Amino acid sequence: MKKNYQLELDVLLSRLEGRPRLLLHSCCGPCSSHVLEYLTRYFEVCLSYYNPNIQPREEYELRLENQLKVLERIPGVTLVPCGYDGGAYDEAVRGLENEPEGGARCTECFALRLDFAAREAKRLGCDYFATTLTVSPHKDAQRINAIGEALAGKYGVKWLPADFKKRDGYKRSIELSREFGLYRQNYCGCLYSKTEE
């Protein structure tokens, strides 16, 4: 049975005390726009732009530049430095190159990025970790949340359940992208997803 992660988030937010620290993994500036607008009301946010799946390197840099544009418009968010690590992605998906978009290769990609986020959350003493990935209608919120929940158990940092596309979250991200003048990419990130467009 599918979980309603937006309702789980509603309950969690209604019970928060103070402003806990959240490590938010961001897949890109456009997706982070709505999520940051929403979560900065409740949390002290540290943002991790760890995306070794984005290829080629020039595309990674362009998306990072647009992530920084969002942070200029939504103040009070701390960017956690992390360099480009394309080799980690290549290693994680080795043998899955021919998987269809949305399949096992994507699961490994989600797990790679969320594992990094969980480790960073623990290192920085954050109370929670989360990802912007669920704002996209093309991403499986059930799978992403299951990965996050498993990693929470592994690292001892609470996972923030969410399905940010709900309640017009995706629509809001498009509006903010327009308002902020953001580049909206036309493929997920890896070269495999580009060839399937």
Give me a count of the residues in the stretch 8-27 that are under 13 Å from Ala130 (Cα atoms) and open to solvent by 40 Å² or more (accessible area, probe 1.4 Å). 1
Tell me which helices (runs of 4 or more DSSP H) are completely within the stretch 28-124 and hold 3 or more residues being open to solvent by less than 20 Å² (accessible area, probe 1.4 Å) and of a type outside the set (Asp, Glu), or say none if there are none. 29-39, 57-73, 104-124
Regarding the stretch 65-86, can at least one residue be identified that is out of contact with any helix residue (DSSP H, G or I) (no Cβ under 9 Å at 6 or more places or on another chain) and among the hydrophobic types (A, V, I, L, M, F, W, C)? no
Could you tell me whether Ala130 is touching a residue at least 40 places away in the same chain (Cβ under 8 Å), in a loop (DSSP other than H, G, I, E, B) and either surrounded by fewer than 16 Cβ atoms within 10 Å (Cβ to Cβ) or not hydroxyl-bearing (Ser, Thr, Tyr) (or both)? no
Among the helices (runs of 4 or more DSSP H) confined wholly to the stretch 138-197, which include 3 or more residues that are in contact with a helix residue (DSSP H, G or I) (Cβ under 6 Å, 6 or more places away or on another chain) and modelled with pLDDT of 95 or more? 141-155, 169-180
Failed condition for Tyr50, given (1) farther than 26 Å from Ile174 by Cα; (2) of a type in the set (Ser, Thr, Tyr); (3) in contact with a strand residue (DSSP E or B) (Cβ under 8 Å, 6 or more places away or on another chain), with all others met? (1)
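The values are calculated or read from the model by the stated rules, or taken from the named source; none is laboratory data. All of these numbers come straight from a predicted model, not from anything done at the bench. Virtual Cβ from ideal backbone geometry, glycine too; neighbours counted across all protein chains shown. Quick note on the areas: whole protein, heavy atoms, side chains included, nothing else; ligands and nucleic acids left out. Shrake-Rupley method; radii C 1.70, N 1.55, O 1.52, S 1.80 Å.
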